[in-house]
Amino acid sequence: MEKSVRVLAAAVLGTASVYAVVLTFRQLYKHFKTQSRKRQKRKRTNLEIHLISTPEEWQNQLVMLTEHLKIMKVVGLDCEWVSDHTTGHRSQVALLQMATTSGLCLLVRLCHMGSMIPQTLKDVLADPSILKVGVAVKDDGKKLTKDYGMVVQGCVDLRHLLTRVRHKYKCDASLQGLAEGVLGVTMDKRREIRCSDWEAHTLSAEQVAYAAADGQVGVDVFTKLVLTKLTGGDPGDLVWSMEGVDLEDVRRLARAMCQGIVDIGYRHSGTPRRTQTSAKQTEKPGIEKGRAYSARARPLYHNCQLQAPDGQPLCTCDIRKAEWYIEKQLGDKVCDMPLTVRLRFEPSGRPESESNYYLQEKENVCVVCGNDDTYTRKFVVPQEYRKYFPPLLKDHRSHDVLLLCPPCHQVSSNHDAILRQELAVECDAPIDSGPGCRSVQNQDLMKIRSAAKALTLSRAQIPEARVNVLEKTLMDFYGVTSLTDDLLETAIIMDTRIFNSDYVPHGKKVVEHFKQKAELWAFERRWRKNFVETMKPQFLPPLWSIEHHHNGVQSTH
């Protein structure tokens, strides 16, 4: 490659012949072709593809699938369907692809089975212990549920898993991008195949190869990410051979890495999906149009477990915190499902009983409507008040951090605004006006800026006597004997606001008001009650309560 670059540089500089230029491009072409061949050689070669169109054919392959799942209970899952290019209408899922880590790929033609879909196929899809991996795999599961009534559980979006390999691989979020960035292979995504007739009586060889690749690449990316975590580097051809690797270690790590992201949809940070349903929701009365809330790209609850040195459960936590204790040798891993870490030190406090909110597993769903597609954090007691609480109450704020979908979050925020106004009056704590402002306009500075604007923009229309007064005002202020254009421009853009020395933030003043009356807990309770009464949540976590106290709970962090 270096030689090619040198020859090309020489040609461009005019020190080589035309022949050398031609030779250079041939060498470059040969180099890239060789590199491409090397990359293609990394593709799996032991694929075993079976087309299934009848229940009998499925039953014949079920035994083989069961044997493959004994190695790793993971399948790459994808779906194909036919769409009307004019209306955009989607037909029922025509083809279901399932691929195993060891190369078995089953292409199930659901469009040919109709109402005769085998129960054993439904059981495989509904089994949460069998992980279904892919890109937007949860959305594929929803299509199968809608079209055929098949429940799909155990879905793991590969984009969630990618974030758990310390961002070693930087690639596009599509399956094609993951294949290129993680596996180093290029997928055939030609439109004429991708958008072909998947309900045809006979699928072409290109359609079969395309469908098999979609399923197999998904499970291979999953395996590569797990092995990367296991080996601490690029596992190379282990993805296909798995020689010399303890499969039990791979299984345990795979389950641990999926902790908290099973059956969780993926959304890019700040870009929640705009669906027909969500569009209707945003038209609900009380929702402020134009206000945006950033949906989470990752689940909030991972439900990893922390234990005291004697094994007593302390609390649940996210996977990063659990891994941090292990990496810093402050704790030891006890098991993978759920990921459980036993601390090596005595925590500063322990739960008084097992019926403790902080020990409960929590679902990543909107607590009001149950939407599990997109959600964002809701601080039941707003941060503008919580940050002025005593340290114990600030440290244990997680009880009052819940998940809401963006439409519900907007409605809740509108209700919060009403309570804020009530508190502003009750506690004599203005929110954004009058003496409650952080800064105020200085009248003297405003006169200087106004004089400069008048002289710059309207001098010709101002009487000479008034011009003299304005000029004298500016010269006295700046201590000069004449005015320049630069000085006038400086006066025009000056900041006329000054800090209000009497300013006390609304949140601080409200909290101080309730502190003095020893009613801080009542203040918390008031916000919780407001949330419950205005939003009527149907999916609150277990043991969440309006009456919750932090007494007896100490931080282990």
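Read-outs throughout are calculated quantities, based only on the coordinates presented, and are distinct from any laboratory measurement. Source: prediction; values computed, not measured.
Normalised by 2.2 N^0.38 Å, with N the number of residues, the alpha-carbon radius of gyration of segment 439-499 equals 1.10. Each part reduced to its alpha carbon centroid, segment 103-124 and segment 381-424 end up 48 Å apart. Rounded to the nearest 5, the antiparallel percentage of DSSP beta bridges internal to segment 83-224 is 60%. What shape does segment 175-264 have by the C-alpha gyration tensor, where a ≥ b ≥ c are the square roots of the eigenvalues, rounded means a/c under 1.5, and otherwise prolate means a/b greater than b/c and oblate the rest? The shape class here is prolate. Reported to the nearest whole Å, the Cα centre-to-centre distance from segment 205-242 to segment 327-350 is 32.
Cross-link check: pairs 328/387; 447/472; 73/122; 73/170 evaluated at a Cα-Cα cut-off of 20 Å; pairs beyond the cut-off: 328/387; 73/170. For the pair segment 40-92 / segment 142-160, the C-alpha centres are spaced 14 Å from each other. Among the listed pairs 224/333; 378/515; 189/321; 138/224; 168/333; 146/378, a Cα-Cα separation exceeding 28 Å is found for 189/321; 146/378. Its residue count N sets the reference 2.2 N^0.38 Å, and the alpha-carbon radius of gyration of segment 48-257 equals 0.99 times that reference.
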